[in-house]
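Structure, as structure tokens:
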Amino acid sequence: MNNFDINNITDFQVAERFIRYVQIDTASDPHATSFPSTEKQKDLSRILVSELQQMGITDAHLDEYGYVYATISSNTAKEVPVICFCSHVDTSPDCSGKDVKPLVHTDYQGQDIVLPDDPSVIIKYHEHPDLQHQLGHDIITASGTTLLGADDKAGVAEIMDAARLLMNHPEIKHGEIKLLFTPDEEVGQGVEYVDLKKLGAQFGYTIDGERVGTIEDETFSADGVHIVIQGISVHPGFAKGKMVSALKVAADIIADLPKDKLSPETTAGKEGFVHPTEINGGVDKAEINFIIRDHDTAKLTEYEAILQRIVENVVKRYPGVTYAFDVKEQYRNMKEVLDQHPEIMEVGLEAIERVGLAPERRSIRGGTDGSRLSFMGLPCPNVFAGGHAFHGKMEWVSRQDMEKAVLTILHIANVWEERGGK
């Protein structure tokens, strides 16, 4: 271990970076056919490239698909695996990310936080248990009419500030480090066109988690199901005994889903679900999109069979109606890959402990870019970024927690170097 104490670093810029980044609208679009789904995501990515180059990272660049790649050269003679830190620039389309006005609530003392642009939006202390750990912290929120964008501009700002500190503090020994910023994570396409050969990393860490001190090595496995109902369209003035509305058939399918299980609102922990996310159409044709989730990949097939039986039983009640049932793999539980490389989690847990935190190993009721990256050949757990209440107007993050995330990134790089061979 070298004599430089990473924890003594105080010249953080992460909060200032974050506040700048969230004011750039980078919402992705689930209905787009282009990649990235919105060109405005590149507005932030271009800024990241410029800032990385100003740090002296000369190979930082933005490719045609909206990925930012950059390399921090090794400063050790040891043989150290090349590691990557990754986060996504897009924000969720579930809530507006336009004209975000970030507010800093300094020295938080446990009060409810009323957001001024819509006083009905109140971040209540008793409804956000993690606020009890934030006394004395500086809490950053939006103003009440938009999301904040901590998912995942907190991670972006943390990686960027860690990169600056690594470039400014050669005392922190590390191997070669790759940086990757992706678009479209929120619409499930974040690594669709990533070039892992060009990236050249052996292991990775997404900085996209929630509570400080956590690292996640398990996600849902995920499929999407697209159902198309073909009805019988007839002029409504002459429809008796002839018309069969595809929209009503689709509504019956939704109505026949289990009420007490297999839904997001009735499950927790590692329990999976069958969740309709969208329904549209009319008399002639209607479409329903579902997401199917479970930590046990084998259960996806079981859930899809349950859903298909429901569809078949409903369609039987409507003579002449037909349907199509299409299943598409989305991502798989990254634990299946990470368990083959235990050293990745060992380093992550040790780094969090060195920051002075109690490391917590968690599973995600969701997925990250790391889910797909792991199966593409880049094993990649998910480290905390500090954000809370993602995808809505009550989203918040602590400046101090973001600084802890920066320190964790630095320690991860340093621990890998310490473990390196001659």
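The values are calculated or read from the model by the stated rules, or taken from the named source; none is laboratory data. Here the structure is a predicted model, which means the values were calculated and not measured. Here the Cβ is made from the backbone with ideal geometry for all residues, glycine too, and neighbour counts use every protein chain on show. Heavy atoms of the whole protein, side chains included, go into the accessibility calculation; ligands, DNA and RNA do not. Shrake-Rupley method; radii C 1.70, N 1.55, O 1.52, S 1.80 Å.
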(Q) Give me the percent of accessible area attributable to carbon and sulfur for segment 1-102, probe 1.4 angstrom. (A) 46
Q: Give the relative contact order (percent, whole number) for segment 221-330; include only Cα pairs under 8 Å separated by 6+ residues.
A: 42
Q) In whole percent, how big is the carbon plus sulfur part of the accessible area of segment 221-330, probe 1.4 Å, protein atoms only? A) 54
Q: Under 14 Å from the Cβ of M167, count the other residues' Cβ atoms, weight Lys and Arg +1, Asp and Glu -1, and hand me the total.
A: -4
Q. Tilt of helix 246-255 relative to the longest C-alpha principal axis of the chain, in degrees (0 to 90, nearest 10)?
A. 60
Q: Over segment 1-159, give the accessible area per residue in Å² for a 1.4 Å probe, as an integer.
A: 44
(Q) Placing unit charges on C-beta atoms (Lys and Arg positive, Asp and Glu negative, everything else neutral), compute the dipole magnitude of segment 221-330 about its Cα centre in debye, rounded to 20. (A) 540
Q | Partners for K78 among aspartates and glutamates (Cα-Cα distance below 18 Å; same-chain residues under 8 apart left out) | A | E171, E176, E343, E417, E418
Q: Can you work out the accessible area per residue across segment 221-330, with the rest of the protein chains kept in place, probe 1.4 Å, in square angstrom?
A: 54
(Q) Run through segment 151-240 and list the trypsin sites (Lys or Arg not before Pro) located in a DSSP loop whose Cβ has at most 13 other Cβ atoms within 10 Å. (A) K240
Q | Label-point gap, in nm, between Q53 and N313 - each point 7 angstrom along Cα→Cβ | A | 6.1
Q: Mind checking the full-extension length gain between K261 and K98? Use 0.36 nm per residue of separation minus the Cα-Cα distance, one decimal, nm.
A: 55.0 nm
Q: Taking the chain as the reference, fit the longest principal axis to its C-alpha atoms, fit the long axis of helix 342-354 to the helix C-alpha atoms, and give the angle between the two in degrees, 0 to 90, nearest 10.
A: 60
Q. What lysines sit close enough to K328 to cross-link, taking a C-alpha to C-alpha distance under 24 Å and skipping anything fewer than 8 places away on the same chain?
A. K261, K270, K285, K299
Q: Please work out the FRET efficiency for the pair R211 and T301, using the Cβ-Cβ distance as r and a Förster radius of 35 Å; give the result to the nearest 0.05.
A: 0.60
Q: Treat each spin label as a single point 7 Å out from the Cα along the C-beta direction, and report the K328 to D63 distance in nm.
A: 2.1
Q. If amide H atoms are built 1.01 Å from N in the plane of the peptide, which residues on other chains or at least 5 residues away come under 5 Å of the amide H of T76?
A. H174
Q. How long is the gain from E336 to E79 if the chain were fully straight, where each residue apart is worth 0.36 nm and the alpha carbon distance is subtracted?
A. 89.8 nm
Q: Apply 1/(1 + (r/R0)^6) to the Cβ-Cβ distance of N7 and K240, taking R0 = 56 Å, and write down the FRET efficiency to the nearest 0.05.
A: 0.15
Q | Within a Gaussian network of the chain (alpha carbon springs, distance under 10 Å), most fluctuating of V327, V194, V383 | A | V327
Q: Apply 1/(1 + (r/R0)^6) to the Cβ-Cβ distance of R419 and Q111, taking R0 = 41 Å, and write down the FRET efficiency to the nearest 0.05.
A: 0.35
Q) Highest GNM mean-square fluctuation, the chain, Cα pairs closer than 10 Å: which of M394, M243, M55? A) M243
Q.
Place a point 7 Å from the Cα of N289 along the Cα-to-Cβ direction; which residues of segment 347-378 have their backbone N under 17 Å from it?
A. 367
Q: Taking the Cβ of G320 as the centre, find all other residues whose Cβ is under 14 Å away and add up their charges (Lys, Arg: +1; Asp, Glu: -1).
A: +4
Q: Compute the relative contact order of the chain as a whole-number percentage, counting only Cα pairs closer than 8 Å that sit 6 or more residues apart in sequence.
A: 24
Q | For the chain, calculated [θ]222 nm from helices alone, where every DSSP H run of n ≥ 4 adds -39500 (n - 2.57) | A | -9000 deg cm²/dmol
(Q) Please report the net charge: other residues with Cβ closer than 13 Å to the Cβ of H226, K and R +1, D and E -1. (A) -4
Q) Which entry in [x] 84, 50, 38; [y] 99, 42, 37; [z] 64, 56, 45 is this structure's computed Cα extents along the principal axes in Å? A) [x]
Q | Where trypsin sites (Lys or Arg not before Pro) fall in DSSP loop in segment 316-417, at most 11 other Cβ within 10 Å | A | R317
Q: Taking the chain as the reference, fit the longest principal axis to its C-alpha atoms, fit the long axis of helix 41-54 to the helix C-alpha atoms, and give the angle between the two in degrees, 0 to 90, nearest 10.
A: 10
